[in-house]
Amino acid sequence: MIGLDVRDLVTGYGEMKIVRGVNFTCRVGEITALLGRNGAGKTTTLSAIAGLLPTLGGSISILGAEQTDGASQRIHGGLGLVQEGKRVFRSRSVEENLRLGGFIHRRRRGFISDGIEKAYERFPVLKTKRSDAAGMLSGGQQQMLAIAQALMAEPKVLMLDEPSAGLAPSVVDEVFGEINALKKEGLCVLLVEQLIDNSLAVADHVAVLDRGRITLDCPVNELGDWDVLRESYLGAPVIVEG
Ligand SMILES: Nc1ncnc2c1ncn2[C@@H]1O[C@H](COP(=O)(O)OP(=O)(O)O)[C@@H](O)[C@H]1O
Ligand SMILES: [Mg+2]
C-alpha cells in the first residue's frame with residue numbers, strides 16, 4: 001500500500017523553483033530514505049508535502065488521497081513531520097510539548113493522556129524528565145521528544161528531516177533504532193538524511209535528490225555496490241535495471 005505518493009512535484013520560494021519535477025513513493029510498513037547533499041532540496045520537498053510550501057506543479061497523495069488543502073488538513077489526513085533541528089518548545093516542559101503534539105485531536109476524550117502514556121512507554125527517559133523544560137534536555141533527548149511529539153497526532157505517514165543532525169554517534173544509533181521500530185509498527189516513514197550508511201541500514205527504498213531532481217530511485221536490496229549511489233550524488237542520472 002502506498003502511504004505517500006509524490007508526482008512531478010514542483011515547489012520553491014516565490015518565483016524561485018527549487019524542486020523541479022520530483023517523483024517518488026513511500027510504502028506503508030517501509031522506510032524510504034531520501035538522501036542528498038546539503039542544499040539539494042530535501043527540506044523544501046518535505047515542506048511542500050506538509051503543505052507549508054505551495055505545490056506549483058504535480059501532486060501529493062497521502063494514503064491515496066490527493067492533497068489540495070493546507071497543513072492542518074494534512075495532519076488530519078495522517079501526515080506527521082519532525083522538522084530539521086530538533087524543534088521543540090524549549091521553555092515548555094516535556095509534557096506540555098507532548099500535549100501540544102496531540103492538539104489537533106484535543107476533542108477526542110482521553111486521546112492526549114493516552115498518547116502521553118504511550119510516549120513515556122516508548123521513551124522512558126522522557127517520563128523521568130516530564131516536568132523539565134525541553135531546552136534542558138540533551139540533544140538526543142530533544143530529538144526523541146520531537147519524534148514523540150509528532151507521534152502524538154498518531155500519523156500514518158511520518159517524515160523525519162535529518163534526525164541525526166548534531167547528535168553524538170552513540171545517540172544516532174538509538175535514534176535510527178527508534179525509526180526502525182516505527183516501521184515495524186506499520187508506519188510509512190520518509191527519512192531525509194545525510195548519513196548514507198545509517199540510512200541504508202534501516203531503509204527499504206532509497207531515493208537521491210540532487211539540485212531539485214531525483215537522480216536515483218530503487219529498492220535498497222537492488223542497489224548492489226554503492227558506486228551507483230555515489231554517482232547519483234555526483235549528479236549523473238543513474239538507471240537501475242530491474
Ligand atoms: N526560505 C528560503 N527562501 C529561499 N530559498 C531557500 C529557502 N530555504 C531554502 N532555500 C534554498 O533552497 C535550496 C534547497 O534548500 P533545502 O531544501 O533546505 O536543502 P536541503 O534540505 O537538501 O539541504 C537551497 O539552495 C537553499 O538556499
Ligand atoms: Mg534540509
- prompt: Restricting attention to region 66-79, and to residues there that are polar (S, T, N, Q) and part of a helix (DSSP H, G or I), which single residue is surrounded by the fewest Cβ atoms within 10 Å (Cβ to Cβ)?
  reply: Ser72
- request: Scan region 98-132 residue by residue and report those that are within 18 Å of the chain's Cα centre (by Cα) and part of a loop (DSSP other than H, G, I, E, B).
  value: Gly102
- request: List every residue pair whose Cβ atoms sit under 6 Å apart, with the two residues 6 or more apart in sequence or on different chains, where the first one lies in region 113-139 and is at pLDDT below 95 and the second, anywhere, is buried (at least 18 other Cβ atoms within 10 Å of the Cβ).
  value: Gly139/Leu167
query: Would it be correct to say that Glu231 is free of Cβ contacts under 8 Å to residues at least 24 places away in the same chain, surrounded by fewer than 22 Cβ atoms within 10 Å (Cβ to Cβ) and either assigned by TED's automatic domain parsing to the domain that holds Val19 or more than 25 Å from Ile2 (Cα to Cα) (or both)?
result: yes
- request: Look at Phe89 and say whether it is assigned to a helix (DSSP H, G or I) and more than 16 Å from ligand 2 (Cβ to nearest atom).
  value: no
First in region 22-50 and within 22 Å of Asp69 (Cβ to Cβ), second anywhere and assigned to a helix (DSSP H, G or I) and away from ligand 1 (no atom under 13 Å from the Cβ), Cβ under 6 Å, 6 or more apart: Ala50/Ala71
message: Just to confirm my filter: which strands (runs of 3 or more DSSP E) fall fully inside region 6-65 and include at least 2 residues that are within 9 Å of ligand 1 (Cβ to nearest atom)?
response: 16-27
- prompt: Quick one: Asn97 ticks every box in (1) away from ligand 2 (no atom under 16 Å from the Cβ); (2) polar (S, T, N, Q); (3) buried (at least 18 other Cβ atoms within 10 Å of the Cβ); (4) closer than 23 Å to Ala201 by Cα bar one, so which box is it?
  reply: (4)
- request: Take region 133-156 and flag every residue that is of a type in the set (D, E, K, R) and either part of a helix (DSSP H, G or I) or at positive phi (or both).
  value: Glu154
message: Please go through region 151-161 and give me each residue that is of a type outside the set (D, E, K, R) and crowded, with 22+ Cβ neighbours inside 10 Å, ordered by number.
response: Leu151, Met152, Pro155, Val157, Leu158, Met159, Leu160
task: Could you tell me whether Thr44 is surrounded by 15 or more Cβ atoms within 10 Å (Cβ to Cβ), modelled with pLDDT of 95 or more, of a type in the set (Ser, Thr, Tyr) and farther than 24 Å from Ala181 by Cα?
output: yes
task: Return only the number of the condition from (1) closer than 30 Å to Asp132 by Cβ; (2) not assigned by TED's automatic domain parsing to the domain that holds Arg99 that Gln149 does not satisfy.
output: (2)
task: Kindly check whether there is at least one residue in region 204-219 that is away from ligand 1 (no atom under 16 Å from the Cβ), in contact (Cβ under 8 Å) with a residue 12 or more places away in the chain and under 16 Å from the mean Cα position of the chain (by Cα).
output: yes
- request: Check off (1) under 19 Å from the mean Cα position of the chain (by Cα); (2) modelled with pLDDT of 95 or more; (3) away from ligand 1 (no atom under 16 Å from the Cβ) for Glu95 and give me the number that stays unchecked.
  value: (1)
- request: Tell me, please, whether a residue that is surrounded by 14 or more Cβ atoms within 10 Å (Cβ to Cβ), in a helix (DSSP H, G or I), over 14 Å from the mean Cα position of the chain (by Cα) and assigned by TED's automatic domain parsing to the domain that holds Val28 can be found in region 162-172.
  value: yes
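The values are calculated or read from the model by the stated rules, or taken from the named source; none is laboratory data. Just so it is clear, the structure is predicted and the values come from calculations on it, not from any experiment. In this analysis, Cβ positions are derived from the backbone assuming ideal geometry, glycine residues included, and neighbour counts consider all displayed protein chains.
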